[in-house]
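Below is one structure, written out as C-alpha cells; the observations come after it.
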Amino acid sequence: MFPKTLSLLLSYIRLRKMKSKIYIIILLLAFCGAAKSQLTMHKFINAGYVYQNQSFGEVGGKLLFLSNDDVLFRVGASALMGSANNKFAIMPKVNADFLLNFQKNVDFYHAHYFILGAEATNKYVAPKAGFSLFGILDLTGGYAFSLDKDGIQGKELKGLNINFTINIPLVVIN
C-alpha cells in the first residue's frame, strides 16, 4: 500500500504541468485512502517555519497512522505564507513522512523518531530527512527541485529546504 502512495508522489513530479490545485486534491485523497487500512489514526494541527530560498510561515493539519510504535506514517496539507519581492504570497503544500524508531517492545513513549519523507507544492518538490521529539517537534532538511522556473513572484524556489514544525494533537485541545 505504501509503494502505491510513493508511486503517486512520483507521478505528481512527472505530471507537473497539470493544474496544481486539482492534482493536490487527488494526491491527498489517494494518501488518505491508502492510509485508512491502518489500525489507529491521530489528527494534528501544525504550525511552523519553512526556509525555501526565502522564509515562509506554515499552518495546516496532519493525520498520523500507526499499527505499532516503531514505524508511523503521516500525511498532511498546509498553506505556506510569506513575502516574495515585497508581495504577500500563499502556496498550498502536501507532505508525507515516515517516522522511524526501532526500539522493540516499547509502548507509545518513544522520545525520538527519525523522519524520512517528501513535500510538494505547486512550485517545488523536496525529499527530506530529519528528527522528531515525541512526534510533536520536527526539524527536517532536504533539497528542493523546482517545478516552475518563474517560481513565486519571480523568485525560483530550489535548493536547500529547512522545516521546523510543531504538531499539536487535537486530543490535547479537546
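The values are calculated or read from the model by the stated rules, or taken from the named source; none is laboratory data. Predicted model only: the values in this text are computed from it and were never measured. Note: ideal-geometry Cβ built from the backbone for every residue, glycine included; neighbour counts use all protein chains shown.
From the list Ala120, Ala126, the lone residue that is in contact with a helix residue (DSSP H, G or I) (Cβ under 9 Å, 6 or more places away or on another chain), buried (at least 18 other Cβ atoms within 10 Å of the Cβ) and among the small types (Gly, Ala, Ser) is Ala120. Considering Arg74, Arg16, which residue is closer than 24 Å to Gly142 by Cα, at pLDDT 65 or above and either basic (Lys, Arg) or not in a strand (DSSP E or B) (or both)? Only one candidate passes the filter, namely Arg74.
To keep it simple, each residue is scored yes or no on (1) over 16 Å from the mean Cα position of the chain (by Cα); (2) under 17 Å from Tyr113 (Cα atoms); (3) modelled with pLDDT under 95; (4) polar (S, T, N, Q).
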site: Ser146; (1), (2), (3), (4): yes, no, yes, yes
site: Leu157; (1), (2), (3), (4): yes, no, yes, no
site: Phe164; (1), (2), (3), (4): no, yes, no, no
site: Ile168; (1), (2), (3), (4): no, yes, yes, no
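Which one is nearest to Asn122 (Cα to Cα) among residues in region 74-88 that are in contact (Cβ under 8 Å) with a residue 40 or more places away in the chain and surrounded by fewer than 22 Cβ atoms within 10 Å (Cβ to Cβ)? Only one residue fits best here, namely Ala77. Inside region 109-154, residues that are outside any strand (DSSP E or B) and touching a residue at least 12 places away in the same chain (Cβ under 8 Å) make up a count of 12.
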